[in-house]
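Below is one structure, written out as structure tokens; the observations come after it.
The values are calculated or read from the model by the stated rules, or taken from the named source; none is laboratory data. Just so it is clear, the structure is predicted and the values come from calculations on it, not from any experiment. Cβ placement follows ideal geometry from the backbone for every residue including glycine, while neighbour counts extend to all protein chains displayed. Heads up: the accessible areas ignore ligands, DNA and RNA and are worked out on the full protein's heavy atoms, side chains in. Shrake-Rupley method; radii C 1.70, N 1.55, O 1.52, S 1.80 Å.
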Amino acid sequence: MDTQYNERSFRLVFYTGHLRIEREVTRFYPSEEAFYENIDKPSLSLIEHMSISIRFESDDPTARLYMYGLDTVEGKMVEEDENFEAYLSPSSEELSLFTHDSYPLIPGVYQIRVHVGEQIYYAPFVIHAKGITNEQLTIMRQELEETIRGLALDLIRKRFAQGMRLQNMIPPELLYQFMVLKKHYEPVMAALNDLYTRINFRNRKEYKLDREDRAGETDDVTIRHMMRYPGKPGYRMVPYRRMDYDLPENRWVKQMIRDLIVRINEFEQSIEHYRSFVAEEISGLQPFAAYQDSTRNTIQEKQKVLELLDDFEEFVRKVRASLNLMTTAHWYEEIADQGYASHVSHVLISDSRYRALYQMYRDFRQEELTVDFDPYMSYQWKRSDILYEMWGFTTLLKLLIRELGFTPTGGWLFSQGFTGDKWLIPHLPEDAQVRLQSGDLSLTVTYNSVIPLTSDETDFERNPLYMTDTHNRPDTRINFYLDGIYAGTLLIDYKYRPRNNFWDQIKVRTIYRSREMNQLIAYGSNSRSKFIYGDQSGSDYFGIVPVYEAWAIYPVKDEMKSENQKLDDFSLRFITMSPGLDNTHVVEALRDAIEGIRERMARFHRV
């Protein structure tokens, strides 16, 4: 539901372009949920790099207007609230927001928020691109989903393949099928052993002619037969009980066994094909092994893959042998060959023996793991500024794990599990934290979390530092621990705008620094910790600033504009990180930071 102007006590007008076209915002929504439901129907559409002025009027002098980019605007009308978020107070004066040369809004969807008393009004507005930025936004959303899904799949593979070496060198389809067999092996083997001798049946009454002296039970059918066929003295049509195994759940068992045998045979053939491929690769590398260390190492790794495939094959033979044994059971041939019933028998769910076999069959038929996202995450992704922050956070995680060799040990995504038959990826909340480990170095990577302002609010594991400045909410925080000792932190803020819109080198030496400039300078300079280079009891190294560097990460449109530049005066580094472009320079920046933190600790730590 939208809220029309006559229901509100404020008026919001935009003036755009050199012609100063007047655009009044008249469609607002009374809740954030309604805002997201209508986000594809923006209340205002603008073109990037077009000058914008605004007039915000209200009968309530305490009303506040919030919108992305206000923090870059200079002027007495723009203030900061208790959360250090910029807002505009009502005024009859017109305020110039952005010009062509100072334009913080990249193409995407943004939010206008107006607070009047206890009521909050929401309106979506969209910035359309002049160039190719819209394509980058699409790539960013795709990369974000692929990165999170990929990290989740890596986690699932490792959990299914506990202790398995070289899992990343096995084709995904082979690894997945092996994971399914490994996961279900023990419950399925127990189920098959029980079903072999004690499968479900029902007693069926049938009749046969038998000698009178051996006839036991008689019933109405026996009497009717005697009256109908009096010419057969000495014989009676007598009832007997027969076990009937041709039940719906047993038809499922028989067909599942057949299908699984076929699929496992195909799986074994795939293993053999891949074994031949790896063996050919080794053969092709052998002539170079005598004088190339890297080639010898590659050959050793591939030989380990062959050993792992041998383990696969041996395990698969055990599974196939157990399934083949079921075809010799006394009841197997008594079950009709009619395939699966049109519906899943309730016994396949209620009886643990049948359920174990059915779950393995169902999982083995899938081509890949089922991974779903928390529905709330789709809401987060429609805010392009939040999208860039989430993309930046997950991209750093991916680089740390896949390029620098860190292993996730818990937190956020890596503490999740299966929900039903799916793996549910949670949304990325504020204060989410991931723990990583590589040798003697452990990291805690935190998303959008407040840093304490006093030392008594700190703690060794999650918040080892505090800020002496009111700027204390970076988008990402990476704490480094060497052999269990706190060694320093990287503070990272994602700036979804060109660099010249949040940093002006000319103003660095003046009192006219913008809010964002002061924020970044504070991140690099104004931190303390009672845990730096000490143990959990709190050794004092107040002379050392725990933040090794502060990073401002922002996107560019092409690789020619990529940069990794440091301002030593403020321990501040500017790094580009862009969807669809080569971001290997970010890996080098991370590697340099790790090495720098190690060197600094070696220099100052009291042993």
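Whether any residue in the range 224-247 is among the basic types (Lys, Arg), within 60 Å of the chain's Cα centre (by Cα) and at pLDDT 70 or above is what I want to check.
The answer is yes; a qualifying residue exists.
Right, residue 126: at pLDDT 80 or above, in a strand (DSSP E or B), of a type in the set (A, V, I, L, M, F, W, C) and surrounded by fewer than 21 Cβ atoms within 10 Å (Cβ to Cβ) or not?
yes
Take the conditions out of contact with any Asp or Glu (no Cβ under 8 Å at 6 or more places or on another chain), at pLDDT 95 or above and not in a loop (DSSP other than H, G, I, E, B) and apply them to residue 435. Does it pass?
Taking the combined requirement at face value, the residue does not satisfy it.
Of these, 282, 335, 271, which one is without any contact (Cβ under 8 Å) to a residue 60 or more places away in the chain and not small (Gly, Ala, Ser)?
None of the others qualify; the one that does is 282.
What number goes with the only condition from (1) β-branched (Val, Ile, Thr); (2) open to solvent by 10 Å² or more (accessible area, probe 1.4 Å); (3) under 26 Å from residue 74 (Cβ atoms) that residue 492 does not pass?
Going through (1) β-branched (Val, Ile, Thr); (2) open to solvent by 10 Å² or more (accessible area, probe 1.4 Å); (3) under 26 Å from residue 74 (Cβ atoms) one by one, residue 492 breaks only (2).
For the range 265-324, give me the residue count where each residue is open to solvent by 80 Å² or more (accessible area, probe 1.4 Å), of a type in the set (A, V, I, L, M) and within 21 Å of residue 185 (Cβ to Cβ).
0
So, in the range 248-264, how many residues would count as being in contact with a Lys or Arg (Cβ under 7 Å, 6 or more places away or on another chain) and either more than 20 Å from residue 189 (Cα to Cα) or at pLDDT 85 or above (or both)?
Matching residues across the range 248-264 total 1.
Could you look through the range 16-48, keep only residues that are hydrophobic (A, V, I, L, M, F, W, C) and assigned to a strand (DSSP E or B), and pick out the one that is most open to solvent (accessible area, probe 1.4 Å)?
Ranking the candidates gives 21 first.
State all residues of the range 504-530 that are polar (S, T, N, Q), open to solvent by 10 Å² or more (accessible area, probe 1.4 Å) and not in a loop (DSSP other than H, G, I, E, B); if no residue qualifies, say none.
Those that are polar (S, T, N, Q), open to solvent by 10 Å² or more (accessible area, probe 1.4 Å) and not in a loop (DSSP other than H, G, I, E, B): 505, 518, 519, 525.
Quick one: would you say residue 462 is open to solvent by 50 Å² or more (accessible area, probe 1.4 Å) and more than 23 Å from the chain's Cα centre (by Cα)?
no
Somewhere in the range 331-350, is a residue at pLDDT 70 or above and closer than 30 Å to residue 591 by Cβ?
no
Quick check on the range 386-411: of everything there that is open to solvent by 30 Å² or more (accessible area, probe 1.4 Å) and polar (S, T, N, Q), which residue is nearest to residue 437 (Cα to Cα)?
Step by step, filter the range 386-411, then rank; the result is 407.
Please enumerate the residues belonging to the range 184-205 that are in a helix (DSSP H, G or I), open to solvent by 90 Å² or more (accessible area, probe 1.4 Å) and modelled with pLDDT under 90.
186, 197, 198
Restricted to the range 1-12, and to residues that are at pLDDT 90 or above and within 18 Å of residue 111 (Cβ to Cβ), which residue is surrounded by the fewest Cβ atoms within 10 Å (Cβ to Cβ)?
Once the filter is applied, the top-ranked residue is 10.
For the range 498-514, indicate whether the set of residues that are over 30 Å from the mean Cα position of the chain (by Cα), at pLDDT 90 or above and more than 27 Å from residue 98 (Cβ to Cβ) is non-empty.
Within the range 498-514, none of the residues are over 30 Å from the mean Cα position of the chain (by Cα), at pLDDT 90 or above and more than 27 Å from residue 98 (Cβ to Cβ).
With the condition being within 22 Å of residue 517 (Cα to Cα), I'd like the strands (runs of 3 or more DSSP E) fully within the range 49-101 carrying at least 3 qualifying residues.
Per the criteria, 78-80, 86-88, 95-98.
Considering each residue of the range 466-488, count those that are in contact with a helix residue (DSSP H, G or I) (Cβ under 9 Å, 6 or more places away or on another chain), open to solvent by less than 10 Å² (accessible area, probe 1.4 Å) and within 19 Å of residue 553 (Cα to Cα), and give that number.
Going through the range 466-488 one residue at a time, the tally reaches 3.
Can you pull out every residue in the range 546-565 that is modelled with pLDDT of 90 or more and either touching an Asp or Glu at 6+ places or on another chain (Cβ under 8 Å) or surrounded by fewer than 19 Cβ atoms within 10 Å (Cβ to Cβ) (or both)?
550, 551, 552, 553
Output the number of residues of the range 568-604 satisfying the condition of being in contact with a strand residue (DSSP E or B) (Cβ under 8 Å, 6 or more places away or on another chain) and surrounded by fewer than 17 Cβ atoms within 10 Å (Cβ to Cβ).
The qualifying residues number 5.
If I ask for residues that are part of a loop (DSSP other than H, G, I, E, B) and either among the small types (Gly, Ala, Ser) or surrounded by fewer than 17 Cβ atoms within 10 Å (Cβ to Cβ) (or both), which ones from the range 438-451 would you list?
If the condition is that a residue be part of a loop (DSSP other than H, G, I, E, B) and either among the small types (Gly, Ala, Ser) or surrounded by fewer than 17 Cβ atoms within 10 Å (Cβ to Cβ) (or both), then 439, 440, 449, 450 are the ones that fit.
Just checking, does the range 94-109 include any residue being over 32 Å from the mean Cα position of the chain (by Cα) and either among the basic types (Lys, Arg) or at pLDDT 90 or above (or both)?
no
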